[in-house]
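Each remark here refers to the structure printed beneath this line.
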Amino acid sequence: LTEESIAEHVEKARAKVEAGDSAGAITNAYTLVEQFLRELLRQTGTEFKGTEGDIRTLYSSVCGPLHLDPKGEHLESHLKTILQGLKSLVAGLYELANKASDRHARKYNPAPHHAKLAVNAALSLCEFLLDSFKYQQERKTRKA
């Protein structure tokens, strides 16, 4: 759970985009999010099925301990809208990876700008989750 580990994955994905491997870049983006969510769940002590590969399920599980549920009563409406957007982003990345990555049989070959979108979305999501995790850890320390 470091900015360096995120950057390393993103660099690999961007190199694939530049090399014309959009499907591979999308796979890298998905894998980054999946691995990152699993590690967040481990770090927060949240139970999850070790074989779970659906980032929608993993993301839903991590929202609780990080206090990122868009239905949370303590959140301002504008934050709820953004958090709902992140949930949609995760669902979109899931669908894109299933249809256009090299994880499964592709239904179509993705365009480079779609791969860039997936990579940049994964980067933004993981950076935000890392910051949220750090914030929650600091908050626990202050309360203790």
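The values are calculated or read from the model by the stated rules, or taken from the named source; none is laboratory data. Fair warning: this is a prediction, and the values are worked out from it, not measured in the lab. Cβ coordinates were reconstructed from backbone atoms using ideal geometry, including for glycine residues, and neighbour counts include every protein chain displayed. Side chains are part of the model used for accessible areas, which takes the heavy atoms of the whole protein and leaves out ligands, DNA and RNA. Shrake-Rupley method; radii C 1.70, N 1.55, O 1.52, S 1.80 Å.
Quick one: which of A111, A118 is surrounded by 16 or more Cβ atoms within 10 Å (Cβ to Cβ), under 17 Å from A23 (Cα atoms) and in contact (Cβ under 8 Å) with a residue 12 or more places away in the chain?
None of the other options fit; the residue is A118.
Go over the candidates L79, L75 one by one and state the one that is of a type in the set (A, V, I, L, M), surrounded by 13 or more Cβ atoms within 10 Å (Cβ to Cβ), more than 16 Å from the chain's Cα centre (by Cα) and assigned to a loop (DSSP other than H, G, I, E, B).
It is L75.
Return a yes/no flag: does region 47-62 have any residue that is open to solvent by 80 Å² or more (accessible area, probe 1.4 Å), within 21 Å of D131 (Cα to Cα) and assigned to a helix (DSSP H, G or I).
Looking for residues that are open to solvent by 80 Å² or more (accessible area, probe 1.4 Å), within 21 Å of D131 (Cα to Cα) and assigned to a helix (DSSP H, G or I), one finds at least one in region 47-62, hence yes.
Residue check: is T27 under 15 Å from S101 (Cβ atoms), among the polar types (S, T, N, Q) and touching a Lys or Arg at 6+ places or on another chain (Cβ under 8 Å)?
yes
Please specify each residue of region 82-100 satisfying the condition of being surrounded by 13 or more Cβ atoms within 10 Å (Cβ to Cβ), free of Cβ contacts under 8 Å to residues at least 12 places away in the same chain and not basic (K, R).
Of everything in region 82-100, those that are surrounded by 13 or more Cβ atoms within 10 Å (Cβ to Cβ), free of Cβ contacts under 8 Å to residues at least 12 places away in the same chain and not basic (K, R) turn out to be I82, N98.
Quick one: is A100 within 20 Å of A29 (Cβ to Cβ), out of contact with any Cys (no Cβ under 8 Å at 6 or more places or on another chain) and of a type in the set (A, V, I, L, M)?
Considered against the rule, which asks whether it is within 20 Å of A29 (Cβ to Cβ), out of contact with any Cys (no Cβ under 8 Å at 6 or more places or on another chain) and of a type in the set (A, V, I, L, M), A100 comes out as yes.
Going through L66, L129, L93 one at a time, which residue ends up being in contact with a Ser or Thr (Cβ under 8 Å, 6 or more places away or on another chain) and within 18 Å of E34 (Cα to Cα)?
L66
If you take the residues in region 16-37 that are in contact with a helix residue (DSSP H, G or I) (Cβ under 7 Å, 6 or more places away or on another chain) and either within 16 Å of S60 (Cα to Cα) or among the charged types (D, E, K, R) (or both), which one is surrounded by the most Cβ atoms within 10 Å (Cβ to Cβ)?
Taking the candidates together, the pick is V33.
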